[in-house]
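The values are calculated or read from the model by the stated rules, or taken from the named source; none is laboratory data. Model, not experiment: these values are computed from the prediction. Ideal geometry is used to build each Cβ from the backbone, glycine not excepted, and the neighbour counts take in all protein chains shown.
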Amino acid sequence: MVHASLNKRPPVRKPESAGRPRVAVLLPLPFPGPFDYAVPPALTDLQPGDIVSVPLGRRTETGVVWDPTPALPPEFTPPPMKAVADGRLKPVISRLDQPPLPGALRRFVDWVAAYTLSPPGMVLAMALRTAATAPVTPTTGWAVAEPPPDLRETPARRRVLEIAASDGPLPGTELARRAGVGTSVVRGLADAGALRAVVLKPAPPFAAPDPAHCPPTLGDGQQEAAQSLRDLAGTGGFSVTLLEGVTGSGKTEIYMEAIAACLERGRQVLVLLPEIALSAQWTGRFTRRFGAEPALWHSDLSPRLRRVTWHAVAEGTARVVVGARSALFLPFAELGLIIVDEEHESAFKQEDGVTYHARDMAVVRARLDRAPILLVSATPSLETLANVGAGRYRHLALTARHGGATMPEVRTIDMRAHPPERGLFLSPVLTEAMQATMARGEQAMLFLNRRGYAPLTLCRTCGHRLQCPNCTAWLVEHRARRVITCHHCGYQEPTPPTCPSCHAEASLTPIGPGVERITEEARATFPDARLLVMASDTLPGPAATADAVAQIARREVDLVIGTQIVAKGWHFPHLTLVGVVDADLGLGGGDLRAAERTVQLLHQVAGRAGRAEAPGTVLLQSYCTEHPVMQALVSGDFASFMRQEAEQRRPGFWPPFGRLAALIVSADTPEAADATARALGAGAPRGDGLQVLGPAPAPLAILRGRHRRRLLLRARREIALQPIVRQWLERVAPERGARIDVDIDPVSFL
Ligand code: ADP
Ligand code: ZN
């Protein structure tokens, strides 16, 4: 075909095949790699990235024309697939009218697949989000046509024709609205031939943010950091920078300047937030700074908005995207900057499907797009600090809160010395401080990272504990909803009136507090206080969260009680006291990062206090006030705490000084789980710098009715785990009804 040779880009026909022209097509399905298809004569100009329709068995599937990723280290490359003979090749059916998947995104898909040991098609599925790739359906508008001679005229019809002539073409509903008539009038005119249909070009859904709209006046300490970031983002090229600064120091304010520089350079920006509930407040700030809204991306977008956004990102009309981790897989046309806010958050780790850490993969994406990336946190992860220490990442620090606001004073309440009254959970020291704060007209907050009324319900007569029938977990009472529920599998039943085991009446007793129970106690102690509860199950979405935050800012609330959602980057100017109900809570699990995570979370909560003029106080209720975590929170010296953490992990080659891969066996029966786990244990890799821990029953030994065992492979940092794990899995076949999931760089050890 002539036009194919006019096209300067080389066609994707494989050079080594002298036979029929063929292309590799990656399908969003769990196959080990792309399949070859024949190129029909009408499609000889197919290019890598083109989205195509192909036959698969008797079905038709949507896939992407694929090309090999040269940058992939050879030991990460999956084994080659068996070549299909020319005669058995099926042809590509058609090319879809879609923007192609950009090269950097194709490389990223291959990279994530290789790193996480996932089938590349499953990673592609995240990038395609099938709904997103359907074309944006064009709207039909109506314009006046040559009026037919026999047209019956009415006043309504005349108004429609006048407006169509002056303002048209317009969509039917809009035309009817402006003419003040029903849509049937428009339809009648169209049927009569007096209006003709015109395909309307959709207006760009996202207005362009203006970097000069409303720049801030930066403080002394801020200016230098902002200038460095502006330089980085304005020049481009891959680099990683940690932006570290105490809560309220103006990190967000400053990275907005990096966004401005990137926009001035004509590139797109991606901002990842750990929790989409934060997006409403973030969007407000962004809009004030740039005079236009960013594009939002998260799993709750309507299918239409998802499609529109996907296309706008691909075409470059969406300049700034703020989203949850899945936004990493959007088809940016010209990505120029990535920002990962609250980079230490474990919410960036996706735990099901393809398990990947969005912060780490964001660094990979930035490298592939040759863009700078900023990791932002008040309490950076040990991983990131180690990269700074090794000189791989740059480091910018802000040391003071903006505008003279001071850091809150943090104190512990030793619960052994100042216990609450029997059956209660708040120490008198804390309730007195709350009383005094509210009496001054300031706001107080209670934080407890546990939803529901009580984490455990026990029968006082026989000792029976209410347990999930599907999981190794207690059922959590939610008193307001009158149910007990499993926080792991979602199982739920009405709270039983009597003990299900011994049938004793009025014998079931809640053990320990959840936020509901703390709310009950606070209500009894402070009957006049205006209370607001913020928990993920009481706030159904970002809008409700934003509304709650606005109520607090307007001082319509005296006391806020919440789970981890209150810890996020909110700005509460009138909040001066934070009480942490159980500061020891996160230390119990005992995994590798328990102490680090507790410090990060509680520091984040503490950071909600005293962000404006009035100084803040934070009180930590603890039964082990001498614990290094409590001491770090009181002194505010996180650098020393993190150095101690590092020294504890270094000798054993725990991350970030070594690498981990978890293998999780799950099976229908305990026997199948054990047999598979034993086989993995017997086939475990051996070698210098390698160690396999387990198999052992997982802490969640049964989850959703599946029996679980875990193994952990630990290696020195210089050893790549992927090829070792790949070969290990090739040696072991799971038993019937069993499967093996791999979690590279695990965060959860349940
Ligand atoms: P962080 O992200 O470090 O917690 P923020 O960027 O949210 O800090 O800043 C904390 C508060 O101080 C916000 O209300 C922000 O608007 C305000 N702020 C910070 N820097 C400035 C500035 N240069 N001018 C005006 N307000 C600022
Ligand atoms: Zn369960």
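Structure data summary
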item: Set THR379, THR384, THR355: member being in a loop (DSSP other than H, G, I, E, B), over 15 Å from the mean Cα position of the chain (by Cα) and among the β-branched types (Val, Ile, Thr); result: THR379
item: Subset of the stretch 452-477 that is under 18 Å from CYS502 (Cβ atoms) and among the polar types (S, T, N, Q) - its residue that is farthest from ligand 2 (Cβ to nearest atom); result: THR461
item: Number of the condition not met by ALA504 [criteria: (1) touching a residue at least 40 places away in the same chain (Cβ under 8 Å); (2) within 15 Å of ILE518 (Cα to Cα); (3) not polar (S, T, N, Q)]; result: (2)
item: Those residues of the stretch 390-415 which are part of a loop (DSSP other than H, G, I, E, B) and either basic (Lys, Arg) or surrounded by 12 or more Cβ atoms within 10 Å (Cβ to Cβ) (or both), in sequence order; result: ARG392, TYR393, ALA400, ARG401, ALA405, THR406, MET407, PRO408, MET415
item: Residues satisfying the stated conditions in the stretch 585-614, i.e. among the acidic types (Asp, Glu) and more than 16 Å from ligand 1 (Cβ to nearest atom); result: ASP591, GLU596
item: Matching residues in the stretch 723-733 - criterion: being of a type outside the set (D, E, K, R) and either assigned to a loop (DSSP other than H, G, I, E, B) or under 24 Å from ASP674 (Cα atoms) (or both); result: ILE724, VAL725, GLN727, TRP728, LEU729, VAL732, ALA733
item: Test: residue in the stretch 583-590 that is within 16 Å of ligand 2 (Cβ to nearest atom), modelled with pLDDT of 95 or more and either under 31 Å from the mean Cα position of the chain (by Cα) or of a type outside the set (Gly, Ala, Ser) (or both); result: no
item: Qualifying position, being under 36 Å from the mean Cα position of the chain (by Cα) and either under 22 Å from GLY607 (Cβ atoms) or not polar (S, T, N, Q) (or both), among ALA433, ALA439, ALA454; result: ALA454
item: Residue check for HIS487: exposed (fewer than 14 other Cβ atoms within 10 Å of the Cβ) and either more than 16 Å from ligand 1 (Cβ to nearest atom) or assigned to a strand (DSSP E or B) (or both); result: no
item: Pairs where the first residue, in the stretch 31-54, is part of a loop (DSSP other than H, G, I, E, B) and the second is of a type in the set (A, V, I, L, M, F, W, C) and surrounded by fewer than 18 Cβ atoms within 10 Å (Cβ to Cβ), C-beta under 6 Å, 6+ apart; result: GLY33/MET81; THR44/MET1; THR44/ALA4; ASP45/ALA4
item: Search result, residues across the stretch 704-718 that are over 26 Å from the mean Cα position of the chain (by Cα), part of a strand (DSSP E or B) and more than 13 Å from THR472 (Cβ to Cβ); result: LEU711, LEU713, ARG714, ALA715, ARG716
item: Any hit, the stretch 530-551, residues being part of a helix (DSSP H, G or I), within 16 Å of ligand 1 (Cβ to nearest atom) and surrounded by 23 or more Cβ atoms within 10 Å (Cβ to Cβ); result: yes
item: Pair list, Cβ under 9 Å, 6 or more apart: the stretch 355-381 residue under 17 Å from ARG597 (Cβ atoms) and of a type in the set (S, T, N, Q), other residue assigned to a strand (DSSP E or B) and away from ligand 2 (no atom under 16 Å from the Cβ); result: SER377/LEU242; SER377/LEU243; SER377/GLU244; SER377/GLY245; SER377/VAL340; SER377/ASP341; THR379/GLU244; SER381/LEU375
